[in-house]
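Novice: Got a structure for you, questions after.
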Amino acid sequence: AKKQGKDRVEVFRPELQASFQAGLRLEADLRRAVVRHEFELRYQPIVHLRTGEITGLEALVRWQHPERGLIPPLDFIPLAEETGMIVPIGEWVLREACRQAADWNAQRAGRRPLTVSVNMSAVQLDQADLPEVVAAALEGGGLPAANLVIELTESLLVDHRPSTLRQLERIKELGVRLAIDDFGTGYSSLAYLRRFPVDIIKIDKSFVDDVGDVPAAAALTLGIIQLGQALSLSTIAEGIEDAGQLLELTDGNCELGQGYYFAEPLTEQAMSDLLDRKD
Ligand code: C2E
Ligand code: CA
Ligand code: CA
Ligand code: CA
């Protein structure tokens, strides 16, 4: 092939072509996955730091690909968001998480019900019928709205549309609580706390990682916890991996936490076993 200008030559670099085709393949596979229900949930316990009691679970989606095996969310959620497929996937996650949490709560009758936390993408929030979808998931699963938490990332709130606030208010009116995920990683975390009807702050793992050994990280983490207390919000520390971090967070009066130190995201069966054991 003769020179046809730099851009043109670039396009036909074999590795680019391969990754382009892989992208198309993945998209076709994802469409099929939606139809064939190839998704699964894992559940990570959320723990009361002082007592060790499990108070809730975060539902985390996985794609069980027939040839490639288990695909983590960060490898397909962005594509699902670009293509809009996150809408049916997210709806399934919501329904499944509500049903499963209601099931576990029924087995734990007489004990404090667990809350279930579900991650939500901006694309889902842009759907005008989201409040109805949430209400239907609660009703279908038999889960009281007070036991559902919807987790939103700061980045989602950054480029929010005018309709976003109204959507969140309508969801709150159902009795569902809202959490800001990855708190402290965005540029205007504090502004969101004022603007959006948030109930829970999830302290990003990057703070928790260094809380035991970097004074600035410790100061910021304690500052976030105190901010939460001042605003009557719950704080959940994410990504706790060792006893040192736990001690630091407990000393700082952080209420709740999750991380590999307690448990990784577990299959439904493993989570059932863990809940039985704690009885
Ligand atoms: P996230 O919401 O911040 O979830 C926490 C991630 O950290 C999870 O990764 C979890 O497995 C991992 N993690 C928990 N504890 C520890 C720890 O102690 N150490 C380390 N290194 N990691 C820990 P996962 O399951 O791969 O999920 C990644 C992200 O994918 C989530 O981040 C969330 O943003 C997104 N995601 C997961 N499920 C869904 C979903 O159903 N819908 C949407 N829209 N996004 C989802
Ligand atoms: Ca989350
Ligand atoms: Ca997070
Ligand atoms: Ca994250």
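Novice: Amide H of HIS65: which non-local residues (sequence gap of 5 or more, or other chain) have their own amide H closer than 5 Å, using H built in the peptide plane?
Specialist: Those qualifying (amide H under 5 Å, at least 5 residues apart or on another chain) are LEU70, ILE71.
Novice: Another one. Using bins 10 angstrom wide from zero, how does P(r) for the chain break down, in % of all Cα pairs?
Specialist: 6, 26, 32, 23, 9, 3, 1, 0
Novice: Report the percentage of all Cα-Cα pairs in the range 110-204 whose separation exceeds 15 Å, rounded to a whole percent.
Specialist: More than 15 Å apart: 59 percent of the Cα pairs in the range 110-204.
Novice: Right, next: What translational D, rounded to a whole number of µm²/s, comes out for the range 53-194 from Stokes-Einstein when the hydrodynamic radius is the Kirkwood one over Cα pairs, at 20 °C and 1.002 mPa s?
Specialist: Rounded, D is 134 µm²/s.
Novice: In whole Å, what three semi-axes, largest first, describe the equivalent ellipsoid of the range 135-178 built from its Cα gyration tensor (square root of 5 times each eigenvalue)?
Specialist: 22, 11, 8
Novice: Could you work out what % of the accessible surface of the range 1-141 is carbon and sulfur, using a 1.4 angstrom probe and leaving DNA, RNA and ligands out of the count?
Specialist: The computed percentage sits at 54.
Novice: With only alpha-carbon atoms counted, please give the Rg and Dmax of the range 133-279, in Å.
Specialist: 16.5, 47
Novice: Let me ask another. Roughly how many percent of the accessible protein surface of the range 149-279 is carbon and sulfur, given a 1.4 Å probe and a whole-percent answer?
Specialist: C and S fraction of accessible area: 50 percent.
Novice: Would you work out which of ILE89, VAL35, PRO66 lies farthest towards the positive end of the dipole of the chain? Charges go on Cβ: Lys and Arg +1, Asp and Glu -1.
Specialist: Of the candidates, VAL35 comes out farthest on the positive side.
Novice: If you place +1 on the Cβ of every Lys and Arg, -1 on the Cβ of every Asp and Glu, and leave all else neutral, what size is the dipole of the chain about its Cα centre, to the nearest 20 Debye?
Specialist: Rounded to the nearest 20 debye, it is 720 debye.
Novice: What FRET efficiency would be calculated for the residue pair TYR260, ARG32, taking the C-beta separation as r and a Förster radius of 41 Å, to the nearest 0.05?
Specialist: 0.80
Novice: Please give the per residue volume of the convex hull enclosing the alpha carbon atoms of the range 102-162, rounded to a whole number of Å³.
Specialist: 86
Novice: Of ALA219, ALA145, ILE46, which is farthest towards the positive pole of the chain's charge dipole, taken about the Cα centre with +1 and -1 on the beta-carbons of Lys, Arg and Asp, Glu respectively?
Specialist: It is ALA145, whose Cα lies furthest towards the positive end.
Novice: Net charge near LEU266, counting Lys/Arg +1 and Asp/Glu -1 over other residues with Cβ under 10 Å of its Cβ?
Specialist: It works out to a net charge of -2.
Novice: By average Cβ neighbour count within 10 Å, what is the ranking of 76-84, 251-259 from highest down?
Specialist: By packing density, highest mean first, the sequence is 251-259, 76-84.
Novice: Which distance in Å, rounded to a whole number, links the C-alpha centroids of the range 177-236 and the range 243-272?
Specialist: Centre-to-centre distance over Cα atoms comes out at 16 Å.
Novice: Then there's this: Using alpha-carbon pairs under 8 Å, 6+ residues apart, how would you state the relative contact order of the chain in percent?
Specialist: Reported as a whole number, the value is 17 percent.
Novice: Still on this structure, please answer the following. What value does the range 35-128 have for Rg/Rh, both radii from Cα atoms and Rh as Kirkwood defines it?
Specialist: That ratio is 1.03, to two decimals.
Novice: While we're here: Given the convex hull of the Cα atoms of the range 175-222, what is a quarter of its surface area in nm²?
Specialist: Computing the convex hull of the Cα atoms and averaging its projections yields 3.7 nm².
Novice: Between ARG50 and ALA136, what's the calculated FRET efficiency when r is the beta-carbon distance and R0 is 51 Å? Round to 0.05. Intermediate values should be presented prior to the final figure.
Specialist: Working: r = 37 Å, r/R0 = 0.72.
Efficiency computed from Cβ-Cβ geometry: 0.90.
Novice: Here's a follow-up. What would the Debye equation give as log₁₀ I(q)/I(0) for the range 13-80 at q = 0.15, 0.20 Å⁻¹, counting only Cα atoms as equal point scatterers?
Specialist: -0.61, -0.84
Novice: Taking the Cα centre of the range 86-172 as origin, sum charge times position over the Cβ atoms of Lys and Arg (+1) and Asp and Glu (-1), and report the length of that vector in debye to the nearest 20.
Specialist: Dipole size: approximately 400 debye.
The values are calculated or read from the model by the stated rules, or taken from the named source; none is laboratory data. Everything quoted here is computed from the prediction, not taken from an experiment. Please note: Cβ atoms are built from the backbone with ideal geometry, for glycine as well, and neighbour counts cover all protein chains shown. In case anyone asks, the SASA skips ligands and DNA or RNA and just uses the protein heavy atoms, side chains included. Shrake-Rupley method; radii C 1.70, N 1.55, O 1.52, S 1.80 Å.
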